[in-house]
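All remarks here apply to the structure that follows.
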């Protein structure tokens, strides 16, 4: 249904309060059109979706290179302190594009919804995505909807894609770190993972920790403006935390890292929650932070630019890149001793021992 | 965090390290065992070994209840979890431990078994109460620290009159294991036992007090210093052990005076006494079958005993024959000296008990310390300038 | 074994439970194993249970002993350098 439909077309309004998604909403018929109009187009509101096509078209940006990313969002619980699966999907996809130094342009979002999922929750998620996209200035221009039988999807899964353009002269890649480079982090670690865990059944505690889920493209733009030619790479330490990111980079670049535990910002409540559960903040997911590796000449300017930005106020230099044929990430502990920061094989689980 | 951060102060650590270095006699070596896996973890995670003199060695003990749990018992738990109608509640530590035929609780969960990770035994009781048509089994593990909470869960289940709650009990005893470490003769060709003293477990001791360690100090002439959980506590305890050895004393001393008393926690001891009794024998991974080393539920509480309710029969499963855990646990060998370390045996594919959880000697070395082998070749090592 | 952490008791609850706070992270735990717990006490918490009270006097004493050992160490280093 769009602006050319007959004015008096009868459309049952979606019962957004009590209605639930059923198999008909994924069947491609009128029910699905109603769902898309009533929930997704209402939330995302842009000219591309209004065209009503299965694809969005736009002029090719002039100059630079294009960046494309895709992501899947399966977080549980769907709603958590500081965000939800929708805002997470928007922020995460934008960030993947931004980590290439690119300006994100457009997003797509594909929804796989479990039969029985309440419209009210779906609307809440869509509205959250719409707000996140609008705040970031990156619209969701195309999407898809599928419904699967009860039990085949944990409420809703969201798959996204994002595209952007990288300015000429900016080449950021995980294999570009060289010994002597400086490693920075944009802020405190562990907020998102702890916020998620505070919701999980059997791990209840009240905490004011909010997920740090945020779109980082504006911060990245400021960083490029300040130190663009000296930047080697950016990466956001999501699943697996800082530990996974640094180990990945060590192998990609063929180097080692030496970091200083005292330099790594961790909020006291996050540290306390990790202590209670036996978790190490280094392995906990972040959704609004980035790791930057920069040539030493650019480190000061970069740090200043990050700290001047709202999302980088707590930015810090945490270490350096070294030669290491074992690709170890070595850390000087707050205690003064040494240890490696290992690459966990699976998810970090709480422990009693 | 109060009562935590003060005991992690790096500046104090360096000075205490200097005190230890000043008091060790240069003409001899010192070898102490920290029994408790939590201490092993603290030592590794904070890099305490970098701060100890070269002639002082810490031997990592078997005080890791996940590590010493035999494969057969995990197999039992998986079988229980697979039974229709059973909900198995477990600490997260056990989820990834490999069982026979590469099974694990995590994999069984993926296959559809109702396995739930809990933080406290009372969570299992709550689940039993909330889901009366499920048979809720709590997979209980741990040394004397963790046993009283299981007893509280039993007491709570009893008070609520629950008929769908049972405990699969694998609680083990510290002093018996320490005795086994000292009494097991070295394998052929190995030198005599090196351990000259023990850093005693922190939280086990809050429960059992100081008395149970007296036999090691008095009969075996092995000093025991009970240490708190933080790295400064461990270092102070090491200093106290060095002094005992130098002065040829052999006593039970308490460094963890803020939490451990001579008598321990009488309330906790009494509630354990009410619900548990000592098993005749129990197999420990890496140490073999030890008499009077583990607990089971008393007969009057048989209705809460999962082994009786579900007729559990444990089948022994062997470790890899090249596994050196036994020697490593006794301090005869180091993790890097085991042929399987780092190749066949890694935290993802542990062959023996020492690699199973992050507190085991091999796992701790892998996760935190294996850079030390390569340190000599690297120009960027982290050894502090003394 | 035995990951346990000192936490502040903020409130006693019925059925021998209590609310604790660790730097603002709140949790409800059992205090059945420790006698005479009161708000303001610090307890060692393990798997959702208080196991022991922190003796605040002895804690201070430990810090004093640590400082003493540290002073000895400092002196030893100074002596070596002299």
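The values are calculated or read from the model by the stated rules, or taken from the named source; none is laboratory data. All values derive from a computational prediction rather than experimental measurement. Please note: Cβ atoms are built from the backbone with ideal geometry, for glycine as well, and neighbour counts cover all protein chains shown.
Among the residues in region B:129-148, are any in contact with a helix residue (DSSP H, G or I) (Cβ under 6 Å, 6 or more places away or on another chain), in a helix (DSSP H, G or I) and modelled with pLDDT of 95 or more?
Yes; the residues of region B:129-148 include at least one that is in contact with a helix residue (DSSP H, G or I) (Cβ under 6 Å, 6 or more places away or on another chain), in a helix (DSSP H, G or I) and modelled with pLDDT of 95 or more.
Within the option set A:344, A:311, being in contact with a helix residue (DSSP H, G or I) (Cβ under 8 Å, 6 or more places away or on another chain), under 24 Å from residue A:197 (Cβ atoms) and either assigned to a loop (DSSP other than H, G, I, E, B) or modelled with pLDDT under 95 (or both) holds for one residue only, A:344. Evaluating residue A:147 against the criteria (1) part of a strand (DSSP E or B); (2) closer than 19 Å to residue A:55 by Cα leaves one unmet condition, (2). The residue that is modelled with the lowest pLDDT, counting only those in region C:37-51 that are in contact with a strand residue (DSSP E or B) (Cβ under 7 Å, 6 or more places away or on another chain) and facing chain B (nearest Cβ under 7 Å), is C:48.
Could you check, for region B:249-261, whether at least one of its residues is part of a helix (DSSP H, G or I) and modelled with pLDDT of 95 or more? Checking region B:249-261: not a single residue is part of a helix (DSSP H, G or I) and modelled with pLDDT of 95 or more. Taken together, the residues in region B:87-115 that are over 24 Å from the mean Cα position of the chain (by Cα), part of a loop (DSSP other than H, G, I, E, B) and over 14 Å from residue B:76 (Cα atoms) amount to 2. Region B:1-69 holds helices (runs of 4 or more DSSP H) entirely within its bounds, and those carrying 3 or more residues that are more than 12 Å from chain A (Cβ to nearest Cβ) map to B:10-23. Please work out if residue B:273 is part of a strand (DSSP E or B), within 14 Å of another protein chain (Cβ to nearest Cβ) and modelled with pLDDT of 95 or more. It is false that residue B:273 is part of a strand (DSSP E or B), within 14 Å of another protein chain (Cβ to nearest Cβ) and modelled with pLDDT of 95 or more.
Filtering region B:119-140 to residues that are at the interface with chain C (Cβ under 9 Å from one of its Cβ atoms) and under 22 Å from residue B:76 (Cβ atoms) leaves B:121, B:123. Could you list, in sequence order, the residues of region B:306-321 that are farther than 13 Å from residue B:73 by Cβ and either without any contact (Cβ under 8 Å) to a residue 24 or more places away in the chain or touching a helix residue (DSSP H, G or I) at 6+ places or on another chain (Cβ under 9 Å) (or both)? Those that are farther than 13 Å from residue B:73 by Cβ and either without any contact (Cβ under 8 Å) to a residue 24 or more places away in the chain or touching a helix residue (DSSP H, G or I) at 6+ places or on another chain (Cβ under 9 Å) (or both): B:308, B:309, B:310, B:311, B:318, B:319, B:321. Residue pairs whose Cβ atoms lie under 9 Å apart, separated by 6 or more positions or on different chains, with the first residue in region A:147-172 and at positive phi and the second part of a loop (DSSP other than H, G, I, E, B) and surrounded by 19 or more Cβ atoms within 10 Å (Cβ to Cβ), are A:155/A:78; A:155/A:117.
Yes/no matrix, rows are residues, columns are (1) more than 9 Å from every other protein chain (Cβ to nearest Cβ); (2) in contact (Cβ under 8 Å) with a residue 24 or more places away in the chain; (3) under 17 Å from the mean Cα position of the chain (by Cα):
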{"site": "C:3", "(1), (2), (3)": "no, yes, yes"}
{"site": "C:9", "(1), (2), (3)": "yes, yes, yes"}
{"site": "C:14", "(1), (2), (3)": "yes, no, no"}
{"site": "C:30", "(1), (2), (3)": "no, no, yes"}
{"site": "C:35", "(1), (2), (3)": "no, no, yes"}
{"site": "C:53", "(1), (2), (3)": "no, no, yes"}
{"site": "C:66", "(1), (2), (3)": "no, no, yes"}
{"site": "C:69", "(1), (2), (3)": "no, no, no"}
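Please specify each residue of region B:116-128 satisfying the condition of being in a helix (DSSP H, G or I) and in contact with a helix residue (DSSP H, G or I) (Cβ under 6 Å, 6 or more places away or on another chain). The answer is B:121, B:122, B:125. You will find that of A:64, A:137, A:130, the residue that is under 20 Å from residue A:218 (Cβ atoms) and either without any contact (Cβ under 8 Å) to a residue 40 or more places away in the chain or in the same structural domain as residue A:232 (by TED's automatic domain parsing) (or both) is A:137 and no other.
Taken together, the residues in region B:70-86 that are at pLDDT 95 or above and either assigned to a loop (DSSP other than H, G, I, E, B) or in the same structural domain as residue B:179 (by TED's automatic domain parsing) (or both) amount to 3. Across region A:277-320, the qualifying residues are those that are within 14 Å of chain B (Cβ to nearest Cβ) and touching a strand residue (DSSP E or B) at 6+ places or on another chain (Cβ under 6 Å), and the one among them that is farthest from residue A:87 (Cα to Cα) is A:320.
For region A:263-276, residues that are more than 10 Å from chain C (Cβ to nearest Cβ) and in contact with a helix residue (DSSP H, G or I) (Cβ under 8 Å, 6 or more places away or on another chain) total 2. For region B:143-189, the candidate set comprises residues that are without any contact (Cβ under 8 Å) to a residue 40 or more places away in the chain and more than 12 Å from every other protein chain (Cβ to nearest Cβ); within that set, the residue that is nearest to residue B:207 (Cα to Cα) is B:179. Among residues that are within 7 Å of chain B (Cβ to nearest Cβ) and out of contact with any strand residue (DSSP E or B) (no Cβ under 6 Å at 6 or more places or on another chain), residue C:74 is included.
Hey, which of the helices (runs of 4 or more DSSP H) in region B:149-241, taking only ones fully inside, have at least 1 residues that are at pLDDT below 95 and farther than 19 Å from residue B:267 by Cβ? If you could, list the steps in order and put the result at the bottom.
On the way: elements: B:174-183, B:202-208, B:214-218.
Helices (runs of 4 or more DSSP H) meeting the threshold: B:174-183.
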